[in-house]
1. Return the total of residues in the stretch 247-278 being of a type in the set (S, T, N, Q) and either surrounded by fewer than 16 Cβ atoms within 10 Å (Cβ to Cβ) or in contact with a Pro (Cβ under 7 Å, 6 or more places away or on another chain) (or both).
2. Could you count how many residues in the stretch 394-415 are surrounded by fewer than 20 Cβ atoms within 10 Å (Cβ to Cβ) and out of contact with any helix residue (DSSP H, G or I) (no Cβ under 8 Å at 6 or more places or on another chain)?
3. Looking at K459, is it under 30 Å from L371 (Cβ atoms), of a type outside the set (G, A, S) and touching a His at 6+ places or on another chain (Cβ under 9 Å)?
4. Give the residue that is most open to solvent (accessible area, probe 1.4 Å), with candidates limited to residues of the stretch 581-615 that are free of Cβ contacts under 8 Å to residues at least 60 places away in the same chain and not in a loop (DSSP other than H, G, I, E, B).
5. Can you name the residue in the stretch 549-580 that is under 45 Å from the mean Cα position of the chain (by Cα) and among the charged types (D, E, K, R) and, of all such residues, is surrounded by the fewest Cβ atoms within 10 Å (Cβ to Cβ)?
6. Among the residues that make up the stretch 143-163, is at least one of them open to solvent by less than 40 Å² (accessible area, probe 1.4 Å) and in a loop (DSSP other than H, G, I, E, B)?
7. For the subset of the stretch 463-513 comprising residues that are assigned to a helix (DSSP H, G or I) and among the aromatic types (F, W, Y), which member is nearest to T229 (Cα to Cα)?
8. For residues that are of a type outside the set (F, W, Y), open to solvent by less than 100 Å² (accessible area, probe 1.4 Å) and assigned to a loop (DSSP other than H, G, I, E, B), tally how many sit in the stretch 50-66.
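The values are calculated or read from the model by the stated rules, or taken from the named source; none is laboratory data. Since we're looking at a predicted model, the values are computed, not measured. With ideal geometry, Cβ positions are generated from the backbone for all residues, glycine too; neighbour counts draw on all protein chains shown. The accessibility values were calculated without ligands, DNA or RNA, using every heavy atom of the protein model including side chains. Shrake-Rupley method; radii C 1.70, N 1.55, O 1.52, S 1.80 Å.
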Amino acid sequence: MKKRLTFILCLTQLATAYAQRSYYGTEEKWPEQDTTSKFYTVKGERHGVSFFRKHQFKEVEYIPGKTLNFNTYHSPEVIYHWCRTWAAQYPNLVDLYEVARSYEGRPILQMTLTNKKTGKHTDKPAAYFEGGRHSGEVTSSESVLWMAKHLIENYGKDAAITKLLDTKTIYLRPENNPDGSTMYLFTSQRNRSTVHPKDDDRDGLLDEDPEEDLDGDGVIYQIRKKASTNEREKANYVIDPRDPRLMKRVLEGKGDWLVYTEGIDNDGDGKFNEDGVGGLDNHRNYPENWRPDQGGDFTGRGYTQGGAGAYPLSEVETRSTVLWLLGHPHISVVNSMDTRVPMHLRPPSTSKDTESMFPADLAIYRHMDSLGLTHTGYPWAGDVYHTYSTRSKTNRMTGDPSKPEPLFGHGPDFGYFYYGSIWYGDELWNGGAMKDYDGDGQYDEYDGLRWDDEANGKKGFKPWTKFTHPQLGEVEIGGFHPKFFAQNGPPTVLEHWISKQAKFNLSMAFELPQIELTNVTVKSLGTDEYEIKVNWTNSGKLPVALEQAQRIKIVQEDRLMLDLDKALLKGDAQAKVIVTEPSLFDKTIYAGYTGPGEKKEATFKVKLNQKGSVKAKVKLLSTRGGYQEKEITIGK
């Protein structure tokens, strides 16, 4: 009896682990919530410090207000507050649940938005939008939050949004990396993605050389130092002739200055801040085209990828995204967003799109590129390998022509080649480069600085200020604000950027495929035989499967089934009901993949060996086009 109870308990726990469980609770007290401590402690064993002085930025809301406004950034806990609030206020429209726990053990929460009265979320065509993968790229999280608010508040008021949530499902994950985002917003520290310790400089030590806020203003700026005679061989910066506040990078030995990020050389290797907290990159950790991290190629002649991790999906944050999506193959459209270019960024990441994408799929992607540019006005839209790498025609330092460069383990490649979807990794914000002030054809730091002077009250740039460095001697600290100008925009422009990006994402969701039963007729053929003719169409603008999705078998072909009481089908030739067509054993009509606007027809034939009528259901199953059913009566 005891063994039986243990077995039942194990089964129950296993089922719970894979269930989509609702989440409305409160969490344990995290470092940022401990008001008795002035320091923020990061989990993980490392050779450098794991605690940093807390700092709260005026650009961030840390305690939720009565209303949600987008003239400020929001801490992850404030974002989760609004997710909980919506789930409680709109139970028929919003589900909130935990998909995973981060490296530090924080909940990674996700919302499902759909009208539950019109069907299960998994029975509808779907889109997925994610932010917060990179710790400091918090604008992406705000765009997901803006979309959630926009959809919820306009459901029942806006006809297009109401129809969207009645017939489709929108999945929203605002914080895929809550550890990194929280550290970023509560301290002066920055990192790429997860806070998981990593030996970035491969010296056998983990995170031993982080940045330091030397002047105590809560922000890690840059340090510039006029090169001494002994340092001239390494000097690789000059004063930008366009503005003396800017530093222009040149080849080593061709400069007059050295530039560092604010901090000291903790490990005495002559480098500054090269091994800070974490260092893995969740956006290089996907399984498609993954390559070993730096130092992992033992031939010296292959490719490696910085930040890739020990193996594909080694990081729980990336793993939770991939495994969740593979368990929800009905999703056709994804945008997992970052910041700083700005660009609509899509596959391929290791080749030209014309070399490795099906022409029909590429045409859809190019349509989405155009759709995105219409909404956002970004200067670029296209693939990672070529368009992203060559968006500047020449290398500013060497003058050489730009050439395509691969990225490995990259989300867009996983999204198309592995998952068979429309997948973007869009980059929001532009470093303040609103226009080409000097007419050189580039949108660069000079243009950002001019805009900061004219429209941002000079809040985005700290004037160079003399400072006595404990190791370098006389230096100057200054430069662009790394968090709320260089990497994310000032709060005054936040809603403009996040709303136009969210509207592009919504425009893709409006184009999702949609299988609809248009007509079902039952016709007597005499001698107790009946014909059931089924007509359907794809009323969406996307096919139910990209060509790539068909090739990799992530999506099954559309199927028609006739659902009858199983008792009526028993007895082989003596059964009360016999499905004579199709002749296949499973009596399923396999109908291929339905293109946008395409109309299809299929026929069942049934023989009744009993008097009276029987009830049946016609079921139309499409992995990404949705599920439809209609009840019919066969016989008199």
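1. The first filter runs over the stretch 247-278 and keeps only residues of a type in the set (S, T, N, Q), leaving 261, 266, 273.
Remaining after also requiring either surrounded by fewer than 16 Cβ atoms within 10 Å (Cβ to Cβ) or in contact with a Pro (Cβ under 7 Å, 6 or more places away or on another chain) (or both): 273.
Qualifying residue count, the stretch 247-278: 1.
2. The qualifying residues number 10.
3. Details: under 30 Å from L371 (Cβ atoms): no; of a type outside the set (G, A, S): yes; touching a His at 6+ places or on another chain (Cβ under 9 Å): yes.
Taking the combined requirement at face value, the residue does not satisfy it.
4. Within the stretch 581-615, the subset free of Cβ contacts under 8 Å to residues at least 60 places away in the same chain is 581-593, 595, 610-615.
With not in a loop (DSSP other than H, G, I, E, B) added as a condition, the list becomes 581, 589-590, 614-615.
On the way: E581: 72, I589: 25, Y590: 107, V614: 8, K615: 126 Å².
Among those that are free of Cβ contacts under 8 Å to residues at least 60 places away in the same chain and not in a loop (DSSP other than H, G, I, E, B), it is K615.
5. As a first pass, look at the stretch 549-580 and keep what is under 45 Å from the mean Cα position of the chain (by Cα): 549-566.
Within this subset, residues satisfying the condition of being among the charged types (D, E, K, R) are 551, 553, 557-559, 563, 565-566.
Numbers: R551: 13, K553: 10, E557: 16, D558: 24, R559: 17, D563: 12, D565: 12, K566: 7.
The selected residue is K566.
6. The answer is no; no qualifying residue exists.
7. Selected residue: F485.
8. Of all residues in the stretch 50-66, those of a type outside the set (F, W, Y) come to 50, 53-56, 58-61, 63-66.
So of that shortlist, the ones also open to solvent by less than 100 Å² (accessible area, probe 1.4 Å) come out as 50, 54-55, 59-61, 64-65.
Checking the rest, the ones that are also assigned to a loop (DSSP other than H, G, I, E, B) come to 50, 54-55, 59, 64-65.
Selection size over the stretch 50-66: 6.
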